[in-house]
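See below for the structure under consideration.
Every number in this text was worked out from the coordinates using simple rules, so none of it is lab data. The structure presented is a predicted model; accordingly, all values stated were derived computationally and were not measured. Here the Cβ positions follow ideal geometry from the backbone for every residue, glycine too, while neighbour counts run over all protein chains shown.
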Amino acid sequence: MKASARNQFTGSVSQVVVGTVNAEVHIQLKGGETIVSAITKESVETLAIKEGIEIIALVKAPQIIIVTDFGGYKLSARNQLKGTVTAVKLGAVNAEVDIDTAGGDKIAVTVTNDSIESLGLRQGQTATAIFKASAVILAVAG
C-alpha cells in the first residue's frame, strides 16, 4: 500500500468496542504495544473489522506530539509509544524526528525547530510519541 502517511503500523485487531455512532478498535503491534483508533461504527462494518484480522494503522507525522518528561501529568491521549530518538533532521522551520520503539516500529514526527530546542531533542534520547485515537486511520486488505 502506498500512502502519504509515513507512520504505518501493522498489527492485529485485539478488541472492537462498538457504540451507537463510533467504535474503538484496539490494534496489537508486533512489539506488544497497543494502538487505539476511534472510527465510525459504519467504517467498522464497511471494512469488516473484527478481532484477529490483520490491519494497518496510519498516522500522519504532524498529528504526533513528542513528550520527553511527563512531569507527573497524565494525558487523555491513550496512544503513547515510548522509544529512542534515532534522528533529528532540521529544516528551515520544521524538523523531522525519527523514533524507534522497543518493539521495532519506526515513528516519524514533524515538529518545529523551536520544539527541538526547547525539548533538547537529540539522537539516543528517550522520547514518547503521543497521538489521539481520532488521528489513527485504518486500512485492511481488500
So is ILE39 closer than 12 Å to ILE137 by Cα, surrounded by 14 or more Cβ atoms within 10 Å (Cβ to Cβ), of a type outside the set (S, T, N, Q) and over 11 Å from the mean Cα position of the chain (by Cα) or not?
yes
Over segment 49-98, the set of residues assigned to a strand (DSSP E or B), in contact with a helix residue (DSSP H, G or I) (Cβ under 9 Å, 6 or more places away or on another chain) and over 22 Å from GLU117 (Cα atoms) is VAL59, ASN79
Note on segment 14-33: residues under 15 Å from the mean Cα position of the chain (by Cα) and surrounded by 14 or more Cβ atoms within 10 Å (Cβ to Cβ) are GLU24, VAL25, HIS26, ILE27, GLN28, LEU29, GLY31, GLU33
Flagged pairs (Cβ under 8 angstrom, 6 or more apart or on separate chains; first in segment 41-66, at positive phi; second surrounded by 11 or more Cβ atoms within 10 Å (Cβ to Cβ) and outside any strand (DSSP E or B)) are ALA48/VAL140
Exception for SER14 within (1) of a type in the set (Ser, Thr, Tyr); (2) part of a strand (DSSP E or B); (3) in contact (Cβ under 8 Å) with a residue 40 or more places away in the chain falls at (3)
*over 20 Å from GLY142 (Cα atoms), small (Gly, Ala, Ser), within 14 Å of the chain's Cα centre (by Cα) and buried (at least 16 other Cβ atoms within 10 Å of the Cβ), is that true of ALA57?*
no
Restricting attention to segment 1-11, the residues that are over 15 Å from the mean Cα position of the chain (by Cα) and either surrounded by 15 or more Cβ atoms within 10 Å (Cβ to Cβ) or not hydrophobic (A, V, I, L, M, F, W, C) (or both) number exactly 1
- Please tell me if ILE64 is under 14 Å from ALA139 (Cα atoms), within 14 Å of the chain's Cα centre (by Cα) and surrounded by 12 or more Cβ atoms within 10 Å (Cβ to Cβ). no
Those residues of segment 97-129 that are surrounded by fewer than 17 Cβ atoms within 10 Å (Cβ to Cβ) and aliphatic (A, V, I, L, M) come to a total of 1
- [ ] Determine if segment 130-140 includes at least one residue that is more than 28 Å from GLN15 (Cα to Cα), buried (at least 19 other Cβ atoms within 10 Å of the Cβ) and either among the charged types (D, E, K, R) or under 17 Å from the mean Cα position of the chain (by Cα) (or both).
- [x] no
